[in-house]
Structures are given as structure tokens and as C-alpha cells.
Amino acid sequence: MSTREDLKTAIINGKRKDVKTIIPELLEAGETPVDLLEKAMIPAMSAVGEKFKNNEVFVPEMLVSARAMKEGMKLIEPALIEAGIKPKHTAIIGTVEGDLHDIGKNLVATMWKGAGFEVIDLGVNVPPAQFVDAIKTHQPAIVGLSALLTTTMPSMKTTVAAIREAGFDTVKILIGGAPITQSYADEIGADGYAQDAGSAVDAAKATLGAA
Amino acid sequence: MNTENRQLHVIGELMNNSYGRARKAWKARDLDGYQNLARLQAESGASFLTFNIDGTRTLPVTLAEMLEFLPRVIPAIQEVTDLPISFDNPDVAFHTEALKYFDRSRCRGRPILNSLSVTRADVRAMIDLVGEHDMDVIVMASEYQTADGEHQAAKRAGDIVKAARHFAELLDCSGISNDRIIVDPGLCPIASDTCGGVNLCLDAIRALRTDYALEGIHISVGLSNFSIGAPGEFRIPLERAFLSLAIEAGLDYILANPEKNTEPLPTNDPMVTKLREVLAEGRPLADEDPEEAGYRQLDALMELYGS
């Protein structure tokens, strides 16, 4: 009989298939989806994040763990919705206008999903107006802007300004990408900055004041 | 397969603020520091020297600061080497200014303008500089223009060929022949390659090499990108293994650190065989979601790290 600890281990080790067999077993045995999420799955991703920070695991390990987590979320989501439990945070993410790079943005989206966020991915080359429209529709707690190039960084400034001008003063804006720095985040009025996908979850939580 | 013997040309990448030694030289505007980096790379077998003084995550640099330094640093580099410089910046103003201080007569070959891409604002002005100063030119072909003028990231080898052909035609109109064009198809880090990017790069090299309209072009990648995110002890072996596969596909230039990663591993080296196997896992099966194959490639990569 599998235990919560087995589920946690399977996510840490990125064993997606194991996750798919363990969760139904645990639900069948009477575990609640909320307990599975809060006492096994989220702690598993926190453990992976910690190992990544300490150079004990590398990018591929982190990605396969996040994917196993995502699979697990699919299995418990119906039960969470039925119980009236919504994801703690909704996030919108996109690569800013003029920039076509999606790898970093996709990694952050994967990590945020792995942390239990609902993530709406707007894709690449996203104009400021599209971010504003998506914020109106989805009412996210956080917006992630990505840019890989020094030449497309100014689009971040335009996008932040458009979001603020549209009256969304409280939505937290997090930026990231190869040339991005904390000082640039400060300069353009973003709420935070993540150096890489591994730190994007912590950065989002810190910005939201969440544990 | 392109097995004909092409000489591998190394564009030394150490004069770039991503490297600590370059940052130190930049911060102090230390001409000796740049001369040492130039000399070191020349002695290590580089054929060209990248010159990139743009900012990084930890070091903000303005265009004005760059322009101010060019009149002193370009002649200083040329004092210690006759290697051609590869000027690396997205802004045409940088190239215009840098070339004012570059003495072509002290240089053993054509300098390089790095780079043209569909996302650049001043492609026409950059091509004019290439013509006026008798330069070679790097074309970033990882992005292309669709029929309705939209810019897209290349997803297939054909997209990369399309971007390369677009620039080859533009350059031909200015009298710049294919043998002066170095096409960079883009190389992503294998550590986060869940979408077939490394296979796309190799496929594109093969497709570029066999395209009749692109006969005579050169092909380059930024090799150090490949191993970002890999455990330290695997970085150089992975880069050298990839280089071996890329040369086999038709690569003849690399942007790399000439001290470390410019020697391909023999094609029968176990690391080359393992990398081939990892990349084979990344090929989607019939009707398979490409992401599924991408994660299979990651699994195989982790096994390689564990072996």
C-alpha cells in the first residue's frame, strides 16, 4: 500500500508514472486531495527547489519533477474543484512584444504549475494590450514578463506602464530573462525579479507575501 | 552526411562581459586586459576574436559608454594581434563607430559583423557596413519572417533555411557572396531542451549545407550555450561531443572558448555515442506529442549524468 511519503518521493524523483498509480490508490484509501497536495506534493516541489539551489540536482531533474507534479495535479484537480478548493494563486505569463523566445518563459510556467499555481500562458511576442485584457479576464495575483534580449527589454517597461495605467495597481509583476536584473525591475516599476526558473517560485511567493 | 574535410574556424569568445576576465577589463577600461585576452586566444588557435562589451545581468552598460571606449580599445587590440575582429552588438551605431577605429590593413582577413537577424531595426545600414568595410557577416537564422511579414521563432529546419535564404538574397543584391555569410541556426542548452531544439539545430545544419541557394555559406553555433545547466564535470565533454556531431552535419565555424572546448571528440568516443543516443530519444514517434519525446530526452540525459 502506497503512502504520502511514496507520493512525495515519486515527485522528487520525477516518476510521473508512479504518481499516476499512487494518487488513485491514496484517494481510494481515504486520503483527501487537500492533504495530498499540502502534505506531499507541494513539500516535494519545495524539496526539489532546495536541492537545485544547493547544486544537488540540475535543470533536467527539476523539470521532470515539475512535470510529475503537473500530472498529479491533473488527477486531484477534479476532487479539489468538487470540494470548492481553488488554486491559491492565478498567474499570467508571456514573452513581451518583439521577443520570440519561449524556452525560459515555458520553464517558469512549468515551475509555477508545479507549485500549484493556475497558469495562463499568453505565448510569445505579446503586446501590452493583450496582457491588460488577460488581467481583466483572469484577475491574476501575479503577472510574469519574459525577455531574452537587451533590445526587447524596453517592451517590459511599456508593458508594466500599460498594466498600471489600466488601473491594475495591486497585481504583482515579476520579470525575468537573460539580461534582466533586480535594478532593471526597480527602474521600470516591476514588483520583483527571478534570476532563473529555479528561483521563480520563491520569487513569486515572496512578492505575494505567501509562505 | 557531410563528411568532406572542412577546416574548423574558431571565433574566440573571451572578450565578452559574460566572462569574469572581460568584466574586470571592462570595469577598469584596462587596455592591457583586452590585449592579454586577445593574445591568449590567438595563441590558443582562434581565427577570429569576438569583441562584445555589451552589458550582462550583473553589469549594466550603456551604448554611450561603449562608444566612448571604442577609439582606445580597438587600436589596442590590433597592436597585439593581426586576427580579424568579430564585432558583436545588435546596434548599428556600435558597428559604425567601431569600424572607424579598425585598421583593415593590420588585419590578416575580413572582420565579421555579428549579426543580422529579422528582428534588427537597421538591417539595411548593417549590410551597407558589411559592403563598405569588406566584412564577413553572421546571420542569426533562428527567427524568420512569414509571408505576411510576421516574425516567428524557427520550429523546423525549413524555417531556418528560409531565414538564411532571405539574408543571402539581400546580401547578394549588395554584392556580398555566400562565402562571406556565416549562418547561425541557434543552439539551445540541452539541459532544458524539452522541445527538440538541439535536434532542430543539427537538422538545420544538414539542411543549410545541402541547400543549392546557400552553396558556399559557412555555419556557426555558440558552443558554450549547449552545456548551460549541466553538472560542471560534464560541460566540456558535452560541448566537445556536440561539436563532433555538428561537424559531421556540416558545421565549419564555432563561437567558443579557445582555451577549452574547440576540439571535437572522435566520432567513436563513448560520450559522442551517448549523446547520439540521448538525442535519438528526443525524436517524436509517429503521432507522438513532441513534448513527450523532449522529456524522454531529458530522462536519457539524466542517465548520462549518472553513468
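The values are calculated or read from the model by the stated rules, or taken from the named source; none is laboratory data. Quantities reported herein were computed from a predicted structural model and do not represent experimental measurements. Note that we place each Cβ from the backbone using ideal geometry, even for glycine, and neighbour counts take in every protein chain shown.
Mind counting the residues in the range B:279-299 that are of a type outside the set (Asp, Glu) and under 13 Å from A:GLY14 (Cβ atoms)?
Quick first cut of the range B:279-299, residues of a type outside the set (Asp, Glu) only: B:279-280, B:282-286, B:290, B:293-298.
So of that shortlist, the ones also under 13 Å from A:GLY14 (Cβ atoms) come out as B:295-296, B:298.
Within the range B:279-299, residues that are of a type outside the set (Asp, Glu) and under 13 Å from A:GLY14 (Cβ atoms) number 3.
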- Query: Does A:VAL108 fit the bill of being within 13 Å of another protein chain (Cβ to nearest Cβ) and closer than 24 Å to A:PRO179 by Cβ?
  - Reply: yes
- How many residues does the range B:111-144 contain that are surrounded by fewer than 15 Cβ atoms within 10 Å (Cβ to Cβ) and within 14 Å of chain A (Cβ to nearest Cβ)? 1
- Query: Tell me, which residue of the range B:221-252 that is outside any helix (DSSP H, G or I) and more than 16 Å from the chain's Cα centre (by Cα) is surrounded by the fewest Cβ atoms within 10 Å (Cβ to Cβ)?
  - Reply: B:PRO231
- Query: How about the range B:25-62: which of its residues are within 14 Å of chain A (Cβ to nearest Cβ) and modelled with pLDDT of 95 or more?
  - Reply: B:ASN52, B:ILE53
- Message: With the structure loaded, tell me whether B:GLU277 is over 30 Å from B:PHE51 (Cα atoms), within 11 Å of chain A (Cβ to nearest Cβ), among the acidic types (Asp, Glu) and part of a helix (DSSP H, G or I) or whether it fails that test.
- Response: no
- Task: Would you please name the residue that is surrounded by the most Cβ atoms within 10 Å (Cβ to Cβ), looking only at residues in the range B:253-285 that are touching a residue at least 60 places away in the same chain (Cβ under 8 Å) and small (Gly, Ala, Ser)?
- Result: B:ALA256
- If B:GLU150 passes every condition in (1) surrounded by 23 or more Cβ atoms within 10 Å (Cβ to Cβ); (2) closer than 24 Å to B:ALA125 by Cβ; (3) modelled with pLDDT under 95 but one, which one does it miss? (1)
- Item | Count of the range A:181-205 residues which are crowded, with 24+ Cβ neighbours inside 10 Å and under 22 Å from B:PRO90 (Cα atoms) | 0
- Message: Please count how many residues of the range A:39-69 are crowded, with 18+ Cβ neighbours inside 10 Å, within 14 Å of another protein chain (Cβ to nearest Cβ) and in a helix (DSSP H, G or I).
- Response: 13
- Message: B:GLY158 - would you say it is among the small types (Gly, Ala, Ser) and away from every other protein chain (no Cβ under 12 Å)?
- Response: yes
- Query: What are the residues in the range A:183-198 that are away from every other protein chain (no Cβ under 14 Å) and assigned to a loop (DSSP other than H, G, I, E, B), if any?
  - Reply: A:GLY189, A:ALA190, A:ASP191
- Task: State whether the residues of the range B:177-187 include one that is of a type in the set (A, V, I, L, M, F, W, C), over 16 Å from the mean Cα position of the chain (by Cα) and more than 14 Å from every other protein chain (Cβ to nearest Cβ).
- Result: no
- Message: On the basis of being within 14 Å of chain A (Cβ to nearest Cβ), more than 18 Å from B:ASP54 (Cβ to Cβ) and small (Gly, Ala, Ser), does B:ALA163 make the cut?
- Response: yes
- Task: Check A:ILE120, A:ILE180, A:ILE175 and return the single one that is within 14 Å of chain B (Cβ to nearest Cβ), in a strand (DSSP E or B) and of a type in the set (A, V, I, L, M).
- Result: A:ILE175
- Would you check if A:PRO140 is within 16 Å of the chain's Cα centre (by Cα) and either farther than 18 Å from A:MET69 by Cβ or at pLDDT 90 or above (or both)? yes
- Note on the structure: Within the range A:124-172, of all residues that are polar (S, T, N, Q) and more than 27 Å from B:LEU59 (Cα to Cα), the one nearest to the other protein chains (Cβ to nearest Cβ) is A:GLN130
- Taking interchain pairs and intrachain pairs at least six residues apart, which have beta carbon atoms under 7 angstrom, with the first residue in the range A:154-165 and surrounded by fewer than 17 Cβ atoms within 10 Å (Cβ to Cβ) and the second outside any helix (DSSP H, G or I)? A:ARG164/A:GLY189
- Message: Just to be sure I understand, how many residues within the range B:192-209 are charged (D, E, K, R), surrounded by fewer than 23 Cβ atoms within 10 Å (Cβ to Cβ) and not in a helix (DSSP H, G or I)?
- Response: 0
- When you go through B:THR50, B:THR62, B:THR58 one by one, which is the residue that is out of contact with any Cys (no Cβ under 8 Å at 6 or more places or on another chain) and surrounded by 15 or more Cβ atoms within 10 Å (Cβ to Cβ)? B:THR50
- Message: Filter the range A:81-103 down to the residues that are crowded, with 21+ Cβ neighbours inside 10 Å and either within 13 Å of chain B (Cβ to nearest Cβ) or more than 23 Å from A:ARG16 (Cβ to Cβ) (or both) and list them by number.
- Response: A:ILE92, A:GLY94, A:THR95, A:VAL96, A:ASP99, A:LEU100, A:HIS101
